[in-house]
Amino acid sequence: MYAIDDEEIVPRHFAVCNFYGVETCFCWNADKLIIYPYTKDSSTQVTQDARILSTPAPIKKVQFFDNRAFLICLPQGAYKVSRNGEFALLSKNALGMGGEFFQVLIVWNNGIYLDNKQVKSSKLLFPLTPNASEIVCTFSLNPASTEPQLMSYFAAGWEAEGNLCVVGHHRKLYTLRTDTVQLIYTSDSTIVDILPVKRRDKVAGLLLLTEQANLVILVHDGGDKCAEHGPVFERIYLKENDSTMLCATFSLQMENVLWMICCNQFRTYYIRKELFVEAVQEVKVEERTFTCMQYYKPNTILGLSQRKELIEVSLEELDNSLSIDNNIVLHTAMFQKTDIIMEKICAKVKEFDALYENLSDEQDTLKRINIYAAKQKLQISPNIKISRLCKHRYLGLHIPDKLPKSSYVVFSFASKNQSTFCMKKVMKGHALTVKMPINKNQVLHSSSINMDLITLVNEQRPWCLVQNFINSPLQQIKRKGRQMEEKTNFIDTKISSLLQSIAGKELTMTKLCEIKKIVRAELCRCNDT
């Protein structure tokens with residue numbers, strides 16, 4: 001059904017509660033409150049008869065106590081909503097409400113105080129955190145609608161009679177009982193809101209929303225694992241950084257599974273989280289969005305869509321989406337004849353390896369033919385160096401890859417009309433390392449190194465010889481080195497000439513311009529070559 005038929009009013013929040021004995025829907029935005037009886041029958045025209053009220057201040061929250069509704073306004077103020085739709089001022093300075101409808105929290109004298117409107121008293125609860133805002137968030141716990149184990153944990157030794165209130169300010173979480181508070185948790189992130197987490201029809205935990213959109217803190221009793229250690233504060237990191245947490249509830253089928261629903265501007269994510277397990281699981285993603293959600297009944301979650309519709313989401317359907325048992329029971333009969341299956345698999349793997357080896361050989365042969373036919377040179381940077389071991393000198397060559405296998409590399413060194421060479425086969429790794437002994441007296445500037453490639457059709461028939469098969473950048477480097485040396489000498493000469501002219505006071509603008517032209521022309525020539 002539609003939350004409101006008025007096209008000019010766009011509600012951003014809603015709550016369905018018992019209001020003076022009638023199931024009533026409250027929808028609101030910043031300055032409008034819409035009230036009408038809630039029914040599933042979309043054919044009725046109850047929304048046309050809804051009361052649309054202008055609020056005395058922007059609404060922060062609507063809170064309910066025993067069939068009564070109260071508005072918490074921004075920046076301060078609390079009002080009671082009467083049966084006939086009027087607003088009665090409860091406190092103009094209220095930041096939030098306590099465990100009872102006559103208790104409000106106010107800020108005064110750098111502290112948070114509890115004002116009791118019934119007995120007209122005020123008491124300091126805790127001082128404001130330095131450099132923190134005055135914002136507080138509260139959630140009232142009623143023994144009739146809260147699981148006893150969770151209620152007893154928050155009571156913390158008090159006699160748990162009447163309502164309790166959980167109060168969050170900055171990074172601290174307190175429990176309020178009557179007019180006394182007790183610090184129960186300190187977070188490393190600022191707490192901005194508190195959501196109830198229900199199991200069937202009772203509150204079984206609280207979800208603390210923080211200033212980090214992807215971090216929430218679940219407060220629960222811990223079950224059997226933590227029966228004697230008080231409430232558990234479990235940090236949950238969500239995968240979506242730009243989403244807003246709307247609602248959280250425990251599974252109907254598994255008590256240790258939490259469902260969380262959050263959405264961004266485009267999608268709604270249904271997230272499953274198992275207690276005491278760090279990982280979260282995105283079970284379902286819908287291409288629609290909600291502005292607000294509420295746990296309504298044990299099997300129903302209500303959501304307010306962007307089209308102002310109230311849509312019911314079945315919790316049972318979410319549970320059934322994971323009802324398929326992933327734990328497969330293995331029987332001994334399943335392992336019969338597995339040895340035969342493995343033998344067939346191994347035979348096929350060997351056959352595949354043989355085919356792959358043949359393909360590699362044919363590809364390598366084709367590569368060798370192309371090298372010879374195209375007279376191409378391989379773009380390789382060989383590592384050539386001279387090493388010494390004891391009294392002996394060795395000329396080393398290392399080529400890491402790109403060589404065709406089943407070929408031979410001839411590595412030769414020529415100096416003083418003498419030539420020394422060695423030949424080595426390229427193995428399957430396509431890499432090559434050669435060390436050739438040389439005489440240290442032969443290492444001269446005029447020495448030369450050659451590398452030739454002998455490719456083969458097969459082991460018996462040599463195919464061809466490719467001389468100097470490597471296109472090495474070494475010669476280019478040497479040439480650039482000579483150019484740099486020539487350029488440096490030229491500039492030094494011109495600088496020396498310039499200094500002599502200055503010393504002899506013979507430097508004129510005409511001569512300086514000529515020197516600049518000569519230098520520029522020479523530099524351009526060097527760069528072109």
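The values are calculated or read from the model by the stated rules, or taken from the named source; none is laboratory data. Predicted model, so just to flag it, every value in this text is computed and none were measured. Glycine also receives a Cβ, built like all others from the backbone with ideal geometry; neighbour counts cover every protein chain displayed. For the accessible areas, the whole protein counts, side chains as well, though only heavy atoms, and no ligand, DNA or RNA atoms are used. Shrake-Rupley method; radii C 1.70, N 1.55, O 1.52, S 1.80 Å.
Where does helix 509-528 land angle-wise versus the long Cα axis of the chain, in degrees 0 to 90, nearest 10?
Tilt relative to the chain: about 90 degrees.
What pairs from Lys32/Lys202; Lys92/Lys308; Lys60/Lys297; Lys32/Lys172; Lys350/Lys435; Lys391/Lys425 go past 26 Å between their alpha carbons?
The pairs that break the limit, which is 26 Å between Cα atoms, are Lys32/Lys202; Lys92/Lys308; Lys32/Lys172; Lys350/Lys435; Lys391/Lys425.
Considering amide H positions built from the backbone, and no H for Pro or chain starts, which residues 5 or more places from Arg12, or on another chain, come under 5 Å of its amide H?
Close amide H contacts, sequence-distant or interchain: Trp28, Asn29.
Which shape class applies to the chain: rounded if a/c is under 1.5, otherwise prolate when a/b exceeds b/c and oblate if not, where a ≥ b ≥ c are the square roots of the Cα gyration tensor eigenvalues?
prolate
Under a point-charge model restricted to the Cβ atoms of Lys and Arg (+1) and Asp and Glu (-1), what is the dipole moment magnitude of segment 91-160 relative to its Cα centre, in debye to the nearest 20?
Taking the Cα centre of segment 91-160 as origin, the dipole is about 280 debye.
Can you list residues whose amide H is under 5 Å from Leu432's amide H, if they're 5+ apart or on another chain and H is modeled 1.01 Å from N?
Ile399
Would you give the gap between the C-alpha center of segment 356-400 and the C-alpha center of segment 235-308, rounded to a whole Å?
If you average the Cα positions of each part, the centres end up 61 Å apart.
Please calculate how many Å² of accessible area segment 71-192 carries per residue, with a 1.4 Å probe and no DNA, RNA or ligand atoms counted.
47
Remind me, relative contact order of segment 2-322 in percent, using alpha carbon pairs under 8 angstrom and six or more residues apart?
In percent, rounded to a whole number, it is 9.
Among the lysines, which have Cα under 16 Å from the Cα of Lys511 when same-chain residues fewer than 8 positions away are ignored?
Lys494
Would you grab the residues whose amide H sits under 5 Å from the one on Thr244? Only those 5+ places off in sequence or on another chain, please, with H modelled 1.01 Å from N.
Those lying under 5 Å, H to H, from Thr244 are Cys263, Asn264.
In the chain, if the dipole is taken from +1 on Lys/Arg beta carbons and -1 on Asp/Glu beta carbons about the Cα centre, which of Cys390, Ala347, Asn131 is farthest to the positive end?
Selected residue: Cys390.
Which of the lysines could be linked to Lys239 by a straight reach, that is with a Cα gap under 16 Å, when you skip same-chain ones fewer than 8 residues away?
Partners within reach: Lys273, Lys284.
Between Tyr408 and Ile491, with labels modelled 7 Å along Cα→Cβ, what's the label distance in nm to one decimal, could you check?
For Tyr408 paired with Ile491, the spin-label model returns 5.0 nm.
Of Thr175, Val107, Ser447, whose Cα points farthest to the positive end of the dipole of the chain (charges on the beta-carbon: +1 Lys, Arg; -1 Asp, Glu; origin at the Cα centre)?
Ser447
Residue by residue through segment 22-35, what is 3J(HN,Hα) from phi via Karplus (6.51 cos²θ - 1.76 cosθ + 1.60, θ = phi - 60°)? Round to whole Hz and write x for glycine and proline.
10, 5, 10, 9, 10, 10, 8, 10, 5, 10, 10, 10, 10, 10
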